[in-house]
Amino acid sequence: MSVAKVVVDVPSSQINHTFDYKIPEKYEALLKVGMRVTIPFGPRKIMGFVIEIVPTSDVKRLKEIEAIMDITPVLTKELLQLGKWMADQTVSLYIQAYQAMLPRVLKAKYKKEIEKLTDIELTASLKQMFAGRDFITFEEFEENKGNYAELLHALKEGYIQINYIVESKETSKKALFIDMAKEQHLLEEAFIDLPKNAKKQQEVLQYFISNPTEIEQKKLIEKCKTTPHTIQLLIEKGLLKKTLKKVYRDPFANTNFQSTTALQLSEQQRKAIEPIWKSIDNNYNETFLLHGVTGSGKTEVYLQSIEKVIKLGKEAIVLVPEIALTPQMVKRFKGRFGDDVAVLHSGLSPGERFDEWTKIQKKEVKVVVGARSAIFAPFEKLGIIIIDEEHETSYKQEEQPRYHAREIAKYRGEYHQCPVVLGSATPLLESFARAKKGVYTLLEMTSRMNEQQMPPVKIIDMREELHAGNRTMFSRELVQAIKNRIERNEQVVLFLNRRGHSTFVMCRECGDVVKCPSCDIALTYHKSSYQLKCHYCDYQIPMIQECKECQSKQIQYFGTGTQKVEESLLEVIPEAKIVRMDVDTTRRKGAHEKLLTIFQEKRANILLGTQMIAKGLDFEDVTLVGVLAVDSMLNLPDFRASEKTFQLLTQVSGRAGRHKLPGEVIMQTYSTEHYAVQLASQYNYEQYFLHEMQMRKSFHYPPYYYLTLINVSHQDELKVQEVTKMISRLLLKHLSGDATILGPTPSPIVRINNRYRYQCMIKYKDEPNQREIIRKILQYYHDDIQKNNLMIQVDFEPYQLM
DNA sequence: AGCACGCCGACT
DNA sequence: GTCGGCGTGCTC
């Protein structure tokens with residue numbers, strides 16, 4: 001007898017351990033560790049992951065595994081082990097960890113149905129509900145307001161039974177394929193016999209005579225410009241046949257990727273790549289920090305490292321931040337490695353995502369390029385892991401399990417004994433500090449590919465503009481520079497940092513700001529729909545005409561949305577042709593690319609946008625980059641505010657003068673003297689690093705201290721305060737004396753969706769027992785969490801302090 | 001999480 | 001006496 005240890009699909013901390021199940025004889029040979037199974041659990045039937053197969057169990061009455069859901073395991077042994085580690089590290093549940101590693105469609109779907117076992121004894125209303133059928137769904141019973149007492153009675157008497165159904169949502173896409181039903185020469189004979197006026201049929205047949213292979217019906221129709229009907233006629237004549245085949249959904253079906261070959265490496269690229277190659281060759285786990293300025297050719301270093309890995313028969317994972325995962329980026333990898341590449345990003349439909357994942361699972365690809373969760377690609381012979389733009393915050397998952405892709409990468413690198421490469425022009429302070437300490441190997445690429453200089457940066461003091469009577473949001477110098485580019489038929493990128501900034505509405509008479517009734521936040525004005533929306537819940541109302549407090553009609557918007565910037569810009573420079581890119585204009589699928597194409601084809605001279613235009617864009621004729629308001633980000637309540645500002649400014653500046661024409665950057669700010677602004681304008685990362693490290697040291701922030709953020713929320717403010725206070729007291733008592741506990745303090749946004757939010761923060765150097773203590777605290781509040789709607793979120797090394 | 005079991009008040 | 005409300009505790 002063999003026993004399977006199963007992690008079951010019940011998201012509760014009481015269930016957060018394995019359950020033993022007997023493996024029925026018929027499954028003994030089939031069942032492998034890492035497969036999904038359906039199992040009886042109490043009165044129900046649910047899904048579970050087989051974690052381990054052992055000979056015996058201590059449990060007295062074992063139930064049997066009911067069915068196997070997969071032919072091949074969905075989790076490798078490595079991922080099973082990694083999932084456990086991740087759950088422990090992030091204090092989350094095993095089931096959550098495993099599900100985070102898999103495409104969504106592999107999550108089980110549960111259904112209940114009621115089966116009728118006898119016809120006679122049923123009550124009239126139940127009989128009516130069945131209406132002659134043997135099964136009805138439980139949903140149907142509920143929708144028709146079925147009587148639970150009757151149901152329960154019938155169940156007890158055995159007139160009916162309830163079946164629990166576990167379904168996997170995964171589906172394969174099927175496509176219709178057309179093939180010849182007879183040999184080629186027979187088709188030729190048939191061709192002559194076709195009626196003279198059956199032009200289209202002739203054409204289709206001719207196609208097969210010259211291309212005697214199977215083809216997808218859709219493509220055939222396209223090629224011969226015909227209809228399904230014509231093909232159907234040929235099928236009926238017995239000349240062709242159709243089959244339904246599983247196909248992969250191809251998100252890049254209509255894209256041609258021009259194939260590229262390895263470029264000659266520059267001296268500095270060669271210096272950077274050699275240690276990586278050495279590490280690949282020697283199966284040596286080492287973390288590299290590739291610090292390369294924008295345009296220094298980091299991607300080529302990645303590509304040629306991967307090439308080496310593939311030659312050795314191994315696989316590669318490349319992580320790219322979500323917003324940088326544009327077709328341009330994909331093109332570089334598909335161009336070099338062709339069909340060996342799978343792409344995973346959030347723009348894919350769940351089905352497409354599953355198909356890409358399947359290609360990895362079946363080892364049909366060697367390289368995966370993707371956003372955060374691609375770090376879990378089920379490769380088994382990893383040769384390298386690359387994280388591009390490693391400082392990006394999107395590598396941290398902001399929901400359970402709150403993992404950071406970098407930490408997962410290091411774990412997998414260690415497991416596979418392969419290098420991990422972290423690349424960035426502006427590395428995270430922690431990473432650079434580690435590189436300096438020798439924990440990571442630092443690789444520097446300090447000059448740009450074509451020996452071009454970074455574009456000069458001019459800082460404009462907006463206070464002076466105001467003193468000079470300029471009340472617009474564009475400095476005189478910026479306006480002049482833009483006009484100048486338009487004249488020369490060159491292009492401009494205008495960057496508006498909207499974080500911490502949004503268009504709110506205020507009454508000029510009484511100063512009342514329109515706020516969300518359930519969140520502690522001002523509503524944002526959306527001009528396109530003429531509505532006021534809350535960005536934290538889905539509350540929205542039509543734009544107000546008069547103040548609710550004083551009935552004044554003096555209502556004014558404040559803040560600067562991209563819409564407003566566009567309008568004011570057109571007032572100052574009426575001849576400007578502007579492409580605006582923000583969440584509103586890029587929501588629809590494909591809108592992103594469309595807007596970029598317009599700009600690319602020079603049908604516009606100004607690209608105006610938010611965060612999303614800071615990265616990766618590369619246009620030949622962009623010679624001016626304008627940053628409209630640096631300050632909003634600097635002043636966020638976040639110890640990383642200055643670092644994020646520095647990163648962003650450096651990145652945006654890199655958009656100008658990437659080709660033949662020289663570029664220029666203009667930064668407008670009210671804090672001209674701030675070191676992040678000053679040093680970003682000089683492209684001096686090293687100096688910035690030293691300065692910021694000083695700050696972190698004196699304020700006890702990372703990398704000198706680690707942080708843990710505990711966030712408590714509940715609809716009752718007193719309750720939240722009380723719990724948070726208790727938690728900090730417990731932490732103080734049980735953590736070592738070296739740890740500091742900040743708080744409880746109200747979160748920067750005190751109320752979201754009618755829930756009050758308080759937090760406390762642990763600053764520490766070394767607390768090996770921390771996780772255990774926090775687990776106990778969570779245990780202590782278990783009942784409150786389960787029954788009283790209390791929420792306690794724990795975030796180790798947080799990136800988002802809101 | 002879901003579901004059964006069990007204990008107590010309300011009502012035929 | 002029985003129905004149904006919810007609090008409690010278990011699920012290999």
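Just so you know, all these numbers are worked out from the coordinates, no wet-lab data involved. These figures come from a predicted structure and were not determined experimentally. Note: ideal-geometry Cβ built from the backbone for every residue, glycine included; neighbour counts use all protein chains shown.
Residues of region A:742-784 with an amide N closer than 13 Å to a point placed 7 Å from the Cα of A:S518 along the Cα-to-Cβ direction: A:752-756.
Take each peptide in A:544-552, A:646-654, count the other Cβ atoms within 10 Å of every residue, and average; sorted highest first, the result is A:646-654, A:544-552. Considering only A:L624, A:Q687, A:V720, and ranking their Cα positions along the charge dipole of chain A that arises from unit charges at the beta-carbon of Lys, Arg, Asp and Glu, the one farthest toward the positive end is A:L624.
Most tightly packed first, judged by the mean number of other beta-carbon atoms within 10 Å of their residues, the peptides A:48-60, A:94-106 read A:94-106, A:48-60.
Fully extending the segment from A:L186 to A:V59 would add 38.9 nm, taking 0.36 nm per residue of separation and subtracting the current Cα-Cα distance.
Here the spin labels are modelled as points 7 Å beyond Cα on the Cα-Cβ line, and at A:K127 and A:T72 they lie 5.4 nm apart. Think of chain A as a dipole: +1 on every Lys or Arg Cβ, -1 on every Asp or Glu Cβ, centred on the Cα centre; then among A:Y706, A:A604, A:Y536, A:A604 lies furthest on the positive end.
Projecting label points 7 angstrom from Cα along Cα→Cβ for A:H535 and A:Q81 puts them 4.4 nm apart. Of the peptides A:668-678, A:691-701, the order by per-residue mean of other Cβ atoms within 10 Å, starting with the highest, comes out as A:668-678, A:691-701. Computed from point charges on the beta carbon alone (+1 for Lys and Arg, -1 for Asp and Glu), the dipole magnitude for region A:267-446 about its Cα centre is near 320 Debye. The lysines whose alpha-carbon is closer than 20 Å to the alpha-carbon of A:K271, local same-chain residues fewer than 8 away aside, are A:K298, A:K308, A:K436. Considering helices alone, the calculated mean residue ellipticity of chain A at 222 nm is -10000 deg cm²/dmol, with DSSP H runs of length four and up weighted by -39500 (n - 2.57) and normalised per residue. Within the straight-line cut-off of under 18 Å between alpha carbons, the lysines reachable from A:K437 are A:K410, A:K697, A:K765, sequence neighbours fewer than 8 places apart in one chain being disregarded.
Taking 4.7 Å between C-beta atoms as the pairing limit, chain A has these partnerless cysteines: A:C224, A:C418, A:C537, A:C760. Look at the dipole of chain A built from charges on Cβ: of A:S736, A:L634, A:P401, the Cα furthest out on the positive end belongs to A:P401.
Going 7 Å from the Cα of A:T441 along its beta-carbon direction, which residues of region A:274-316 have the amide nitrogen within less than 13 Å of the resulting point? Only A:274-290 fall inside the zone, counting backbone N under 13 Å.
For A:F135 and A:D584, FRET efficiency with R0 = 45 Å and r from the beta-carbon atoms, rounded to 0.05?
Details: r = 47 Å, r/R0 = 1.04.
That gives a FRET efficiency of 0.45.
In this Cβ point-charge picture (+1 for Lys and Arg, -1 for Asp and Glu), chain A has a dipole of about 520 debye about its Cα centre. Between A:Y415 and A:S2, the simple spin-label model (points 7 angstrom out along Cα→Cβ) gives 2.1 nm.
Of all lysines in the structure, those lying under 18 Å Cα to Cα from A:K483, and not within fewer than 8 positions of it along the same chain, are A:K458, A:K577, A:K602.
Treat the count of other C-beta atoms within 10 Å as a stand-in for reagent exposure and order A:K577, A:K396, A:K589 from fewest to most. All intermediate terms of the calculation are to be shown ahead of the outcome.
Details: A:K577 14, A:K396 18, A:K589 10.
Arranged by neighbour count, lowest to highest, A:K577, A:K396, A:K589 become A:K589, A:K577, A:K396.
Of interest is the spacing of the C-alpha centroids, which for region A:182-196 and region A:570-616 amounts to 55 Å.
Using the Cα centre as the reference, give the magnitude of the dipole from point charges on the C-beta atoms of region A:10-101 (Lys, Arg: +1; Asp, Glu: -1; all else neutral), rounded to the nearest 20 debye.
Details: 11 positive and 10 negative charges, 50 e Å.
Dipole magnitude for region A:10-101 comes out near 240 debye.
The length gained on full extension between A:L718 and A:E236, counted as 0.36 nm times the residue separation minus their Cα-Cα distance, comes to 165.9 nm. With 32 Å as the limit, the listed pairs A:K107/A:K246; A:K26/A:K60; A:K218/A:K594; A:K5/A:K334 have A:K5/A:K334 beyond it between alpha carbons.
Please give the residues of region A:540-571, grouped as numeric ranges, whose backbone N is less than 16 Å from a label point set 7 Å along the Cα-to-Cβ vector of A:C510. Correct set: A:544-556. Remark: the A:T213-A:K107 segment gains 34.4 nm on full extension, using 0.36 nm per residue and subtracting the alpha carbon distance.
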